[in-house]
Ligand code: FES
């Protein structure tokens, strides 16, 4: 694992229906994780980029949430259709996708 340059964690946490905090899985995070994993594995990133599922990352109401390390860049509301842009712009070129970056409500920053 010494050759891994980046690690992407996608929240796939699930809560019961009607839970006040909601969860990323009911918003499609499993599909995001699968799309991201496939995109990375079929690209030049496969050798040095790891993608995995995670339990709750924290910003539940803003999910699906994911975080990219080592940069520590957080994304919110990620959809399957956003995956190609994240792969191309962030994971390949190193430029975070600003329109998807996590924006906490002012009282939480
Ligand atoms: S359930 Fe995904 S961040 Fe909490």
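Computed from the coordinates by the stated procedures, all read-outs in this text should not be read as laboratory data. No experiment lies behind these values; they were computed from the predicted model shown. FYI the Cβ positions are ideal-geometry reconstructions off the backbone, even for glycines, and counts take in every protein chain you see.
Please specify each residue of region 84-99 satisfying the condition of being over 18 Å from residue 48 (Cβ atoms) and within 10 Å of the chain's Cα centre (by Cα).
none
Those residues that are under 13 Å from residue 86 (Cβ atoms) and part of a helix (DSSP H, G or I), I need them from region 1-37; list them, please.
Hits for region 1-37 are 32, 33, 35, 36, 37.
Taking the conditions exactly as written (within 10 Å of the ligand (Cβ to nearest atom), in contact with a strand residue (DSSP E or B) (Cβ under 7 Å, 6 or more places away or on another chain) and under 20 Å from residue 94 (Cβ atoms)), does residue 51 satisfy them or not? So that I can check it myself, show each step before the final result.
On the way: within 10 Å of the ligand (Cβ to nearest atom): no; in contact with a strand residue (DSSP E or B) (Cβ under 7 Å, 6 or more places away or on another chain): yes; under 20 Å from residue 94 (Cβ atoms): yes.
It is false that residue 51 is within 10 Å of the ligand (Cβ to nearest atom), in contact with a strand residue (DSSP E or B) (Cβ under 7 Å, 6 or more places away or on another chain) and under 20 Å from residue 94 (Cβ atoms).
Residue check: is residue 95 in contact with a helix residue (DSSP H, G or I) (Cβ under 7 Å, 6 or more places away or on another chain) and loosely packed, with under 12 Cβ neighbours inside 10 Å? Walk me through it before giving the result.
On the way: in contact with a helix residue (DSSP H, G or I) (Cβ under 7 Å, 6 or more places away or on another chain): yes; loosely packed, with under 12 Cβ neighbours inside 10 Å: yes.
For residue 95, the condition - in contact with a helix residue (DSSP H, G or I) (Cβ under 7 Å, 6 or more places away or on another chain) and loosely packed, with under 12 Cβ neighbours inside 10 Å - is met.
Would you be able to tell me the number of residues in region 39-79 that are more than 19 Å from residue 22 (Cα to Cα) and either within 10 Å of the chain's Cα centre (by Cα) or exposed (fewer than 15 other Cβ atoms within 10 Å of the Cβ) (or both)?
Residues of region 39-79 more than 19 Å from residue 22 (Cα to Cα): 39-52, 68-73.
Cutting the leftovers down to either within 10 Å of the chain's Cα centre (by Cα) or exposed (fewer than 15 other Cβ atoms within 10 Å of the Cβ) (or both) gives us 41-44, 46-48, 51-52, 68-73.
Total meeting the criteria: 15.
Being more than 8 Å from the ligand (Cβ to nearest atom) and in contact with a strand residue (DSSP E or B) (Cβ under 6 Å, 6 or more places away or on another chain) narrows it down to one residue among 73, 67; which is it? Spell out how you get there, then give the answer.
Details: 73 fails: in contact with a strand residue (DSSP E or B) (Cβ under 6 Å, 6 or more places away or on another chain).
That would be 67, the only listed residue that is more than 8 Å from the ligand (Cβ to nearest atom) and in contact with a strand residue (DSSP E or B) (Cβ under 6 Å, 6 or more places away or on another chain).
With the condition kept exactly as written, say whether any residue in region 80-92 is surrounded by fewer than 18 Cβ atoms within 10 Å (Cβ to Cβ) and touching a strand residue (DSSP E or B) at 6+ places or on another chain (Cβ under 8 Å).
As a first pass, look at region 80-92 and keep what is surrounded by fewer than 18 Cβ atoms within 10 Å (Cβ to Cβ): 80-81, 84-85, 88-89, 92.
In the following step, the residues that additionally are touching a strand residue (DSSP E or B) at 6+ places or on another chain (Cβ under 8 Å) were identified as none.
Taking every residue of region 80-92 in turn, none turns out to be surrounded by fewer than 18 Cβ atoms within 10 Å (Cβ to Cβ) and touching a strand residue (DSSP E or B) at 6+ places or on another chain (Cβ under 8 Å).
Which one is surrounded by the most Cβ atoms within 10 Å (Cβ to Cβ), of the residues in region 1-34 that are closer than 14 Å to residue 91 by Cα and more than 16 Å from the ligand (Cβ to nearest atom)?
6
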